[in-house]
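What follows draws every value from the coordinates through simple rules; no lab data is involved. A quick note: this is a predicted structure, and the numbers were derived from the prediction, not measured. Here the Cβ is made from the backbone with ideal geometry for all residues, glycine too, and neighbour counts use every protein chain on show.
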Amino acid sequence: MTEASRDAFLGGRVTALQPRAGHHRSGLDAVLLAAAFGQRTVGAVVDLGAGAGVAGFCLAARAEATRVTLAEREPDLVALAREAAALPENIGFAGRLSFAEVDILDAAKREAAGLGADRFDGVLMNPPFHDEGSVRASPDSARARAHVLDAGGLDGWFRAAAALLAGGGSLAVILPAARLGDLLASVARRFGGVAILPVHARADEAAIRVLARGVKGSRAPVTLLPGFVLHEGEGNAFSPAARALLGDGASLADVHMSWRRLGFDP
């Protein structure tokens, strides 16, 4: 049995069970990713590579008209997500969650798991971001799989997202800023109206992450937005906007004017 910690998110509106060791543990990136979709999001959304469910849980807690499928290939993580969904703290959204233990890069396995083509209105994903052979992988195989891409590379994740989304559906993805070029190459010909939000630790520092949202089938151009800043000053205190996302359950549309103006969350 996997030893797990109980981790609270969104000021206690969400409680996740995450492995103490041996797997990737979700945190800030997952909460930022979920915040790409606002309170008025509707329809079916799938979280690809959901891990223990943090991003999908945060989205379901915020957007009460969504149904969220957590798609993850590691059985231990799927089991923890199911267990967490049954906690009293998560009762408000647990009935809108479903779970799929599946390798999302395999189209036949996706179909067999009920993840059919053109089925979803939204996709969330925080994929592995190291290319095979580019880094020294963790000796723990499950943790290594969470951080190192398969031979198909990053593009396979975007191919899967495009296949799952219905026309006009939205993808949200978060990656290290260094992978911006790969992100743009992978969304080309699949998604349009792509908004790129650089995420900075501090206002005077280079971006550490890029959060992007795009629409399947759109022909609108790419938009590079003003950055989102996590910390104020020299300490570790979060900025007011970051505190609203992390602690109050706000979405990006609530705290970032340029994101709201895009009309993703009317």
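Counting neighbouring beta carbons within 10 Å and listing from fewest to most, the residues PHE191, PHE238, PHE57 come out as PHE238, PHE191, PHE57. Charge tally for SER5 (other residues, Cβ to Cβ under 9 Å; Lys, Arg +1; Asp, Glu -1): +1. For the chain, the antiparallel share of DSSP beta bridges with both residues in that region comes to about 45%. Summarising the amide proton neighbourhood of THR69: residues at separation of 5 or more, or on other chains, whose placed amide H is nearer than 5 Å comprise VAL45, VAL46, ASP47, SER98. Placing unit charges on the Cβ atoms only, positive for Lys and Arg and negative for Asp and Glu, gives segment 4-261 a dipole magnitude near 580 debye about its Cα centre. Let me make sure I get this right: for the chain, a, b and c are the square roots of the gyration tensor eigenvalues over alpha carbons, sorted descending. Under 1.5 in a/c it's rounded, otherwise prolate if a/b > b/c, else oblate. Which is it? Note, shape of the chain comes out rounded. Along the chain, counting only GluC sites (Glu not before Pro) with a DSSP assignment other than H, G, I, E or B and at most 11 other Cβ atoms inside a 10 Å radius, the longest segment between sites is 4-233.
Residue by residue, segment 198-209 carries 3J(HN,Hα) couplings of x, 10, 10, 5, 9, 4, 9, 10, 4, 4, 9, 9 Hz when phi is fed to the Karplus relation 6.51 cos²θ - 1.76 cosθ + 1.60 (θ = phi - 60°); x denotes Gly or Pro. Computed from phi, the 3J(HN,Hα) profile of segment 96-111 under the Karplus parametrisation 6.51, -1.76, 1.60 (θ = phi - 60°) reads 9, 9, 9, 9, 9, 8, 7, 7, 6, 7, 9, 4, 5, 5, 4, 4 Hz, with x in place of Gly and Pro.
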